[in-house]
Every structure is written in C-alpha cells, then in structure tokens.
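Asks: Here you go, one structure.
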Amino acid sequence: MARVEQTKLQVLRGAVQDNFDILHGIKTRPTTETPRPLRHWLWGLLLIAGMVYLGTPASMVSIGKASAPSAPAPVVASVRAASEPDVMVSRPQPLNREIFPLSLKRIVIDPGHGGVQTGAVAESGLTEKEVTLDVALRLRRLLTDAPFEVLLTRDSDKTLALEKRVEFANSNSADLFISIHVNWMEPRTIRGPETFFVGPTDDPLTMKLVSMENRDSKHSFVDLRHALDKIYIDARRNESRTLAKTIQGQLYGFLKQGNAALENRGVKTAPFAVLMGTQMPAILVEVSCLSNSEEVKLLTKGEYREKIALALLDGIRSYANNINGLQRKGT
Amino acid sequence: MEESNENLCVGIDLGTSRSSISASNGERYVIDSYVGWPVDMVARKLVKKQVLVGREALDNRPMLELRRPLERGIIKEGSQKDEEAVQEILRHLIALVGLKQKSKNRPKVRAVIGVPAEAFRVSKQRLRGVMEGIADSVMLVSEPFAVAYGMEALLHALVIDIGAGTADFCVMQGRYPTEEDQRTLPNAGDSIDDQLSKVVAERYPDAQFTIHMIRAWKEKWSYVGQPQGRVMITTPVKGKATELDITDELRVACESILPPLTETMLDLLSKVTPDYQENVRNNVILAGGTSLIAGLPEAVQKYLGELGGGRATIVKDPVFAGSDGGLAIARDASPSDWEKLSLV
C-alpha cells in the first residue's frame, strides 16, 4: 500500500511539473526589443565588405564606417582592390565567408501559418499551423542551453502576416531566420523533408508551393522581382545555402532512421516572401508532408515532432560551430 | 490532500461527444458536448434562454446555431465561437456540481481536465485560457493517465481510452508517462459514425438519415465479432418510414477501428522493457464511451493472444472513469502544487 502511495506521489509530481513546463514554455516574449547598435554595426560592416569585395567603387565605400581604423573588413577589401585592376566586376562573385567577423547570437524561429491561416490540413484534421508551432516551441526549449538567444515570431495560435514575420526578424537584428513549414504534395506518396533558401525556381511543384505559402503576402509582383534581383549579389545568400545544406542533411539523416521510405528532397531555391524580405541568412524548411498518410501518422506522435526539433537543433548547432570555428580561426 | 469548504476539487473529462464532471462534494454529471445559441428572436422566445447546453441543445437544434466545439478532444482551431462554446460547456458543468460563478462564498475551484494523450502544447494553452474565470487553478493531464490514476493502475498497465474524437493510449510504468509512453489515434467513435454513414448510404442509396441518427444507432447496437441478432432500424426512404437491416454495415464500421487500435497497441507494447511486456499485456484496461462496443474486450484479448497471451478488461464505469481519475488527482495534489498552477 505504501508503495502505491509513493508511486502516486511520484507520478503526481510529474504531472505538476509537466503542467508547469507548459506554462513556462509558453511564456510570451516581447514582440520587439531594443535594437543593438553593435549588431547593426556588424551587419553594416558585412554589407560594406561585400560591396567592396564585389568591386564597388571606393567612393561608395567611403560613406559610413569604412574609414574606421579598427574595422577588419575594409582591410581585406583593400588588399583585393590593390591586387586587381580597378574595374567594376560585371558578375557577382562568391563571397569568402572567412572575411566576415560573423557569429551566431540571435535566431528567429518562424512557425509557419497560425490563427485563421491553417496552412495544409491532413485528412485526419491535423493542421500545418499546429505542427509548426509545436515543433518551434520544442526547438526553443531544446535551444535553452545554447549560447544564443532564440525568438519566435509567434508562440501561440495567432494570425501573423508574412511581412510582420520579416519585420520581426529584421527589427530584432537576428543572425539567422528559420521558417518551419509542413508540405502538401501530389502525388501523396511523396514524403520527405526539403529545405529552401532564396532564389528563383522553374520547378512546377516548387512554384505551386511558393504560391501557396506566399498567398498572404501583400507584396506586388514588382516588389518580389526587385527583391529577387537584389539577392543575386547579396552576401547572405551563400550563408543561407550553407545553412540550408546543414539543416537538410541533419533533418534527413535523423528522420530516415527507422523510416526507410523517407526521401531526401534536397536543398532548393525558391522566392518565398519570408526569405526575400529578411536581412540575414534565412531558410524555409518543409519538415514533413501532411499529404502523406504515413507521415501524418508519425506527426501525430509527440515523439516524432521531438525528433524533428532535435534534428533542427543539430543542424543549427553544426552551422553555429562552423561559423564560430571560422571566427576563432580568424582571431 | 487539502479538502475544505474553501476549495472544491473537480475532475473533468472534456470529450468530443460527451463531457463528464466528478466533484469532491459527491456530485457527478455527464452531458452531451453540444452548445446552441437561438438563431433569431423567435427561437429565443421559444427556448427562453440565451444559450443551451448538452441534450437540451441537441433536442432544440432546428432553432439553434448548434456547435460541437471539440474536435479530436480539443477545442476546434481558428474559431472564436467554438472557444465560447467550450467555455459554456465548462461553466455548465461547474454549475451542475452546485457552483454559482458570482456567488460571494464561492469556494476556490481546483480542476483537473483530461485532454488527448498527445494534445499539442498550443491546444493546452488555449484550454487554460478558456478556464480563466471558471476555475482558480487548472491541471491538464492526458485522459488515459487520469483513468490509470483513478484505478491506481500505475505500474505495468496499458490504458486505452476510446472516446468519440480520439483513442488515447498510455503505458503506465510507475512514473508520469512521457511522450514515448503515449499515443493518440483519430480512429474512434466519430470515425465509426463516418464509416457507418458511408456504408449504409452505399447499401440503401435512397435512405434518409442524419449523423445524429447514425450516432444513436451506433450507441444502441454497436458490436464487433458475432452479432447477437439482426440490427433493424427504421428510417425514411423517399419520405416513407422503412425498416432496414444494418447488421453487416454496423460490424464493418465498428471493426474499422480494430486494425489501427491493435497496431498502436503492439507499437507501445514493443517499447516496454521485455521483462515487463507480459505484465502489461495482462493488464490492458479499456475506458471511454466507445469501449462500450459489444465484443471489444474479447477482440482485443484475441489479438493479445497472438502476441503471447494477455487480458483486456473494461473499466467499471467507462463514462466517469476519466473524471473520477481527474478528481483523485485534484484531491491528491498539494496546496503548493495548486498554487503553482493558479490561473490568477
């Protein structure tokens, strides 16, 4: 009898703790925070370095902080300028990430959809907005011990315009932006994660997906075209590609264990509105497919959603280690 | 632990089809999870109420904007009206056990609410929000866990709580169940209704019936395995009351939940430490309204036989097992626990 009482006490303690964790886990963060001048300065520096590296005339570079004696980026840029003819580079060149004093300090996680925008809906009634928020909240909890700050664009079931998500990431000077989504694809046998970074696409399936995800964007076609043109010479695109590759690798590697039928749908480019407006390396990851009944079955299990969050965590860590490693190498 | 006139403990099983409440003052009630608002002034005059809850709402449905606000055991997403409807159900349940919201000497309400085993965090958050102003402190637990706690089946037991919206599974291993110990399936009472509706329409294309009639037939005659007799129902066919035989259709519909049920059972059993798998197989407990399907424990037990033998039993009171378990949890939690989970 005493053993039953003791077990009851133990499980009861677990129940209270679980409830307490839910309360703690959903604590709302302020939607805007005080901008950090240092971070703006670093990004400004990065942009200037990129412009110089790509051969922008020196007169343009002189505007702003480039003349600061302690700034490392212009020094590298000037070495390049001295060793090559003083002409405009006609085509964008890949940027060497080692020249940037990058480090990962703040991540914005964007759970796709929410509120009246349910996103994809499985036959069982499971909605994309539920899954994305659940995975995001799990990821935030898992990232608690990480050496960087994590912000969520939404931490409850609320409607949030795509522009607001972009604005949130930009105004908080995030170093990374990760938008979580769940796919819906025909034929329904398709299953497997895929990760996008910004860029054009001519794949009809991706085009369909982009039009679905961008449905709530208030941008005009011209806005999108301008943004798309800009990203070709945008330094963050290479970082986004690296991040996408790292996350996709971890996600597929992790999820295919015990799930042999899973397909690696790879890393792709697409003009998603949230990827075009954000000013930091940004990706959109489709973690699973709500159109596939087997995937839906897995997604209803908390265990599987935890697995997805763990895979994303590993991807972020791996990317962060790479960046911080490079930074250490440079110092 | 602490029981006084200042506190009232309640256990609530908020179900997609029916909701039950068990209170520490000895009161127990079950209601249909329906809420209706009169559609116009005429309807309001006839029903003489601003809002109707439970059977009363169901019986007056032609005059009401009727809501069944819970879906898969949680509040339907994206609708303010459904949130309001859940609030009405909870208010109604609390009033049934003798509590008036605005009474001066109203005791503090400590509520334990059962939710599906794998309910999303966001759904739990919404439910807590809805409880504000109705209870003072709220604890949310998985439905099968509440059943297990109430029965003190805390070690080597598998509880399967089959309701209307979901079938919830929970393996008890002497600790608070983790996500790995629990599963939720959408294959439950409602999916049987959908299936029954489909097969009856296929066999009798001219028969006229509603989902409420389908539910009533299922609740009266549902079975798996061998029928006890022919199931004859009376329903209009092209406007004329006609007697129809739905025996086979009923079995097909009811047995449609067996494959996912046994598959999930096997999945959970295989994750139990091998030393204890036999103990768990011998302690499979069925609860929830849909577990009342005739022949279900036998069908589950037959399947357990294929796994090496086992025993499936049905709880004594499937309708109140969840809310009674919730009440037991509410009573056993300490005042400091309740303090931590306060809504204020």
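Asks: Work out, step by step, the length gained on full extension between A:K256 and A:L23: first 0.36 nm times the residue separation, then minus their alpha carbon distance; give nm to one decimal.
Replies: Details: separation 233, 0.36 × 233 = 83.88 nm, distance 3.25 nm.
Extra length from A:K256 to A:L23 when fully extended: 80.6 nm.
Asks: Then there's this: What ranking do A:L139, B:L244 get, fewest neighbouring Cβ atoms within 10 angstrom at the top? Each step should come with its number before you reach the end.
Replies: Numbers: A:L139 25, B:L244 16.
Ordered from fewest to most neighbouring Cβ atoms within 10 Å, A:L139, B:L244 come out as B:L244, A:L139.
Asks: Let me ask something else. Once you place label points 7 Å from the Cα toward the Cβ at B:M213 and B:N282, how far apart are they in nm?
Replies: Computed distance between label sites B:M213 and B:N282 equals 4.9 nm.
Asks: How far apart, in nanometres, would the label points at B:S270 and B:R331 be if each is projected 7 angstrom from Cα along the Cα-to-Cβ direction?
Replies: Taking the simple label geometry, B:S270 and B:R331 are separated by 4.0 nm.
Asks: Now for a different question. Compute the Kirkwood hydrodynamic radius of region B:189-255, taking the inverse of the mean of 1/r over all pairs of distinct Cα atoms, and give it in Å to one decimal.
Replies: Numbers: mean 1/r = 0.0847 Å⁻¹.
This gives a value of 11.8 Å.
Asks: Please compute the modelled spin-label separation between A:N238 and A:T118, points set 7 Å along Cα→Cβ, answer in nm with one decimal.
Replies: Reported label-point gap for A:T118 and A:N238 is 4.5 nm.
Asks: Moving to a separate point now. Kindly flag which residue pairs out of A:K158/B:K218; B:K220/B:K302; B:K198/B:K302 have an alpha-carbon separation exceeding 31 Å in this structure.
Replies: Details: A:K158/B:K218 38 Å; B:K220/B:K302 24 Å; B:K198/B:K302 28 Å.
The pairs that break the limit, which is 31 Å between Cα atoms, are A:K158/B:K218.
Asks: Something else about it: Kindly state, to the nearest 0.05, the FRET efficiency for A:N264 paired with A:R188, given R0 = 25 Å and r defined as their beta-carbon distance.
Replies: E(calc), rounded to 0.05, equals 0.85.
Asks: Counting other C-beta atoms within 10 Å, and keeping those with at most 16, which DSSP coil trypsin sites (Lys or Arg not before Pro) do you find in region B:248-323? Intermediate results must be reported in sequence, preceding the final value.
Replies: On the way: sites: B:R251, B:K271, B:R281, B:K302, B:R311, B:K316; in loops: B:K271, B:R311, B:K316.
Listed in order of number, the matching sites are B:K271, B:R311, B:K316.
Asks: What is the gain in length, in nm to one decimal, between A:T159 and A:R13 on full extension, counting 0.36 nm per residue of separation less the C-alpha to C-alpha distance? Walk me through the numbers before you get to the answer.
Replies: Details: separation 146, 0.36 × 146 = 52.56 nm, distance 3.53 nm.
My answer for the length gained is 49.0 nm.
Asks: Report the gain in length on full extension from B:E306 to B:V252: 0.36 nm times residue separation, minus Cα-Cα distance, nm rounded to one decimal. Please list the in-between numbers first.
Replies: On the way: separation 54, 0.36 × 54 = 19.44 nm, distance 2.18 nm.
Gain in length upon complete extension: 17.3 nm.
Throughout, read-outs are computed from the coordinates displayed, never taken from laboratory work. Since the model is a prediction, treat every value here as computed from it, not as a measurement. All Cβ positions, even for glycine, are placed from backbone atoms using ideal geometry, and neighbour counts span all protein chains on display.
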